[in-house]
Amino acid sequence: MDCSKHHGGTSLHGRGLSIPATLLLCYSLSVRPSLFRSSSHVPPSPPRRAVPLFADVLIGGASADICTDSPDTSVAGGLLVCGVVALMSRLQLKDLQLARGGRTVLEHIDGTFQDAAITALIGANGAGKSTLIQAIMGTLSPVSGSVECQVPAVRRAWLPQQLALDLSFPMSVEELIMTGTWPSHGAFKGYCGAHYRRGREIMTRLGISHLAHRPLGELSGGQRQRALIGRTLMQEAELLLLDEPFANVDTDTVDVLMEVLRDMARQGATILIVLHDMVHLSKLADDVLILAEGHGRWATPDALLDRYTIGQLSRPPRLPLSFPGTN
Amino acid sequence: MLETLYAWFIAPFDYAFMNRALVASLALSLAAPPLGVFLVLRGMSLIGDAMSHAILPGVALGFLLAGFSLPAMSLGGMLSGILVALLAGSVSQMTGHREDASMASFFLISLAGGVMLVSLAGSSVDLTHVLFGSILAVDSTALLLIALISSLIIIILAVIFRALVVECLDPLFLRGQGVRGGLVHSIFLGLVVLNLTAGFQTLGTLMAVGLMMLPATTARFWSTRLEGLIMISVLVALVSSSGGLLLSYHLSLPSGPAIILLAGVAYLFSAIFGRHYSLSARRRRRATPLGADMNE
């Protein structure tokens with residue numbers, strides 16, 4: 001990647017889309033404005049998916065069940081647009097079985113993650129959320145089935161749970177964000193002024209420009225989360241896996257991060273986020289994958305919200321920890 | 001006045017052996033501390049120590065086969081160091097033993113084997129030489145070898161620097177970028193072995209670690225930045241190695257321990273008076289006012 005290109009503010013997905021070409025290209029050009037040019041505007045309330053999935057139709061209509069048994073119904077659905085969305089999805093799970101220490105954690109996980117959308121991954125502790133994320137990152141190989149990911153490894157970003165990273169290493173916020181240039185710069189190429197400027201833009205956008213030279217070890221939980229998101233912005237991540245990014249983070253930070261994630265999704269990034277909070281889910285998610293009892297079910301956030309808030313407005317909405325209807 | 005200064009600080013190096021010793025230790029002081037800084041940051045401070053034991057059997061074997069020849073001993077040390085590191089790594093992978101446990105086992109085995117080999121071959125004087133070095137007996141071949149290895153270490157470290165930094169912080173990110181963290185780690189350990197083989201002639205296999213670790217641990221008290229750590233540690237190493245040589249000349253002390261002890265003094269001083277984490281830093285009650293760094 002040359003510097004001039006950066007300077008002009010590039011589309012988030014300059015390269016790396018190697019799949020069925022033209023359709024995709026047209027699509028991406030039409031819906032993905034530049035990430036960094038749009039930094040000044042305040043995004044509207046979380047947009048719903050532009051293209052309704054068959055699942056939505058199904059749920060919104062006759063069926064009261066909020067879960068669809070298999071997301072493949074969305075592919076099979078008669079809607080042409082659905083077919084297009086499913087075809088170009090960059091992340092699919094096929095009959096996935098995952099195990100830890102010889103014990104199966106998840107099995108028969110099927111599904112297509114929507115591109116340019118945020119999918120919430122919910123479930124009780126130990127339901128296998130982190131395991132699934134590791135499988136998608138490729139650090140855990142499945143017992144059977146497969147994860148089909150079209151996103152090149154250099155454009156995948158993973159934010160582990162808090163404290164999983166040793167941030168005592170003497171590195172400043174700016175240096176951390178600059179390591180996000182690895183896909184273009186690798187281990188040797190020097191950073192140029194344009195990249196530093198872009199790092200500055202990213203930090204300003206995340207509200208951490210005053211921390212640029214602060215060592216990572218001195219940051220608060222919210223600040224380090226912003227810094228780590230900053231690296232994924234620099235990396236131009238197309239697939240973003242976030243493991244409880246809003247845990248122990250103040251509401252301001254949550255708002256900033258949500259806005260940034262929303263924007264990234266709008267540019268076309270596929271985002272998978274582990275959540276434990278119905279409020280966050282209602283603001284952020286376009287789609288939901290519920291993990292429980294070793295299986296996965298797909299749902300829409302609206303359906304979840306409807307089911308869990310009707311008549312109980314006095315009670316804060318809670319996320320289901322098991323499949324609705326089974327208990 | 002000037003003459004006294006000259007007599008104390010410059011005149012000793014008029015002797016060729018002191019001159020060579022100075023160049024050798026300065027070369028080592030440039031290469032060793034950065035490695036030590038990374039070892040400290042990765043919580044592997046004792047690995048250097050363990051590695052120094054690992055090179056001993058190779059050095060002894062070189063000594064057995066070729067006599068007191070530096071290239072043969074260095075080559076042997078390098079090979080055995082790398083071999084032991086690989087063995088320890090693979091044993092811990094195969095058995096699920098923690099790596100520090102298997103390393104400790106292997107290094108003890110190699111230390112015992114090395115001492116055994118040296119004593120089989122020669123007198124106890126030779127053993128002392130190998131274990132504690134004799135910086136004042138560095139000849140031009142040794143000097144060339146030390147300079148060569150030091151340069152090589154600095155160049156390779158520069159090449160893997162960014163990868164090493166990222167690997168320390170977030171190995172998974174590096175892996176996502178298609179770089180095998182294990183490879184970077186192995187190259188780094190290789191550099192540690194290389195450095196120890198360069199150092200054993202001058203400081204001895206056991207003391208060579210000192211020039212790597214003590215400046216690095218000292219620097220930790222003065223800086224919280226990686227660049228700062230490296231620069232300060234190199235500075236400490238340069239000062240203590242030239243100072244140690246002078247001390248050993250004037251007070252007829254063994255040079256290796258003199259150098260390391262001087263670095264040790266710097267460490268203790270820093271532990272008490274350093275800017276960060278030190279005793280005095282803990283008692284300090286000053287703080288920058290709120291918002292002081294807003295305009296950085």
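The values are calculated or read from the model by the stated rules, or taken from the named source; none is laboratory data. Since we're looking at a predicted model, the values are computed, not measured. Cβ placement follows ideal geometry from the backbone for every residue including glycine, while neighbour counts extend to all protein chains displayed. These accessible areas exclude ligands, DNA and RNA; they are computed on the full protein's heavy atoms, side chains included. Shrake-Rupley method; radii C 1.70, N 1.55, O 1.52, S 1.80 Å.
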(message) Which three extents, in angstrom, do the Cα atoms of region A:184-289 have along their principal axes, listed largest first?
(response) 43, 30, 20
(request) Rank B:105, B:11, B:119 by how far each Cα sits towards the positive end of the charge dipole of chain B (+1 on Lys, Arg Cβ; -1 on Asp, Glu Cβ) and give me just the farthest. (result) B:105
(message) Classify region A:131-251 from the C-alpha gyration tensor, please: rounded if a/c falls under 1.5, else prolate or oblate depending on whether a/b exceeds b/c.
(response) oblate
(request) Scan chain B and note any complete DSSP helix (H) whose C-alpha atoms cover at least 20 Å along its axis and whose Kyte-Doolittle average is -1.0 or more. (result) B:16-41, B:70-95, B:99-121, B:140-169, B:181-203, B:226-250, B:255-273
(request) Select from region A:142-172 all residues whose loss of accessible area on going from the chain by itself to the full protein assembly reaches 20 Å² or more (probe 1.4 Å). (result) A:153, A:154, A:158, A:165, A:166, A:169, A:170, A:171
(request) Take every Cα-Cα pair in region B:129-234 and report what % of them are more than 19 Å apart. (result) 54 percent
(message) Quick check on packing: order B:159-170, A:144-155, A:111-122 by the mean number of other C-beta atoms within 10 Å, highest mean leading.
(response) A:111-122, B:159-170, A:144-155
(message) Using protein chains only and a probe of 1.4 angstrom, how many square angstrom of residue B:8 are accessible, to the nearest 10?
(response) 120 Å²
(request) Count the DSSP beta bridges whose two residues both fall in region A:207-315, then state the antiparallel fraction as a percent rounded to the nearest 5. (result) 50 percent
(message) I'd like the distance separating the alpha-carbon centroids of region B:185-199 and region B:38-58, in whole Å.
(response) 9 Å
(message) With a 10 Å cut-off between alpha carbons and a GNM built on chain B, which of B:100, B:14, B:139 moves the most?
(response) B:14
(request) Counting only C-alpha contacts under 8 Å and six or more residues apart, can you give the relative contact order of region B:15-209 as a whole percent? (result) 33 percent
(request) First select every other residue whose beta carbon is under 9 angstrom from the beta carbon of residue A:109; then total the charges, Lys and Arg +1, Asp and Glu -1. (result) -2
(request) Report, by chain and number, residues whose modeled amide H sits under 5 Å from the one on residue A:100, excluding near sequence neighbours (fewer than 5 apart, same chain). (result) A:105
(message) I need two numbers for chain B: Rg to one decimal and Dmax as a whole number, Cα atoms only, in Å.
(response) 20.2, 68
(request) Could you work out, residue by residue across B:163-173, how many beta carbons of other chains sit within 10 Å of that residue's beta carbon, and then give the average as an integer? (result) 6
(request) Within the set of other residues whose C-beta is less than 13 Å from the C-beta of residue A:153, count the net charge using Lys and Arg as +1 and Asp and Glu as -1. (result) +4
(message) Students often forget the sequence filter, so: which aspartates and glutamates lie under 16 Å Cα-Cα from residue A:189 once same-chain residues fewer than 8 apart are removed?
(response) A:2, A:175
(request) Using Cα pairs closer than 8 Å and at least 6 residues apart in sequence, work out the relative contact order for region A:133-258, in percent. (result) 39 percent
(message) Counting only other chains, and only Cβ atoms inside 10 Å, what mean value do you get across the residues of A:178-187?
(response) 4
